[in-house]
1. When Lys44 is evaluated against the numbered criteria (1) surrounded by 10 or more Cβ atoms within 10 Å (Cβ to Cβ); (2) modelled with pLDDT of 90 or more, which criterion, by number, is the only one it fails?
2. If I go through segment 104-134 residue by residue, how many of them are open to solvent by less than 100 Å² (accessible area, probe 1.4 Å) and not aliphatic (A, V, I, L, M)?
3. Going by what's in this entry, would Gln113 be described as modelled with pLDDT under 95 and in contact with a Ser or Thr (Cβ under 8 Å, 6 or more places away or on another chain)?
Amino acid sequence: MPVPMQISLDELLSMIMARIDALTVSDENVKTKFNVLARAMYKKGLLTDEDIIDALRDEYKLLKDLGLMAEEPNADMVQAAADGILQWIKNDVKALKKSIDEYEKRLQELASQDARKPRIDVASPAVLQQLDKMTGAKKKPGSGKLIV
């Protein structure tokens, strides 16, 4: 009978973070390839602004038909998505910088809102043992501690 593998929370988090890092690199690689190919097609006239909008509409319709979206986005939302794609394809540095600045500002606002929320911290077993030694507390088997 196989023995169950034990893994610490730190090891689990490290594995998850490594996987997220690998996915991030892969995602950036795919985006770069898409941008290069789309830019080349756009410059040669094989891809137009209307092609991007039509492709987005087709994609949203497919997602709705598959049940992955409740409803298709309205024309303004489709146009906004197309504008974001076209900024990259057209190398619109000014618009991209503006979008990045707005995104970073939103992230900072969310981070400040998150900082105001109450936090729950989890102490490692070693820290709990140290606290027990310092306070002289005796722990019952199977019981835990809540540290506020």
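The values are calculated or read from the model by the stated rules, or taken from the named source; none is laboratory data. Just so it is clear, the structure is predicted and the values come from calculations on it, not from any experiment. Heads up, the Cβs are rebuilt from the backbone with ideal geometry, glycines too, and the neighbour counts pull from every protein chain shown. For the accessible areas, the whole protein counts, side chains as well, though only heavy atoms, and no ligand, DNA or RNA atoms are used. Shrake-Rupley method; radii C 1.70, N 1.55, O 1.52, S 1.80 Å.
1. The single condition Lys44 does not satisfy is (1).
2. Step one: of segment 104-134, the residues open to solvent by less than 100 Å² (accessible area, probe 1.4 Å) are 104, 107, 109, 111-115, 123-128, 131-132.
This time we only want the ones that are not aliphatic (A, V, I, L, M), so: 104, 109, 112-114, 124-125, 132.
The total comes to 8.
3. Details: modelled with pLDDT under 95: yes; in contact with a Ser or Thr (Cβ under 8 Å, 6 or more places away or on another chain): no.
So Gln113 does not fit the description; no.
So that you can scan it fast, the table gives a plain yes or no per residue for (1) out of contact with any strand residue (DSSP E or B) (no Cβ under 8 Å at 6 or more places or on another chain); (2) open to solvent by 90 Å² or more (accessible area, probe 1.4 Å); (3) closer than 30 Å to Val122 by Cβ; (4) in a loop (DSSP other than H, G, I, E, B):
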site: Ala22; (1), (2), (3), (4): yes, no, yes, no
site: Phe34; (1), (2), (3), (4): yes, yes, no, no
site: Asp54; (1), (2), (3), (4): yes, no, no, no
site: Leu68; (1), (2), (3), (4): yes, yes, no, yes
site: Glu71; (1), (2), (3), (4): yes, yes, no, yes
site: Val78; (1), (2), (3), (4): yes, no, no, no
site: Asp83; (1), (2), (3), (4): yes, no, no, no
site: Ser99; (1), (2), (3), (4): yes, no, no, no
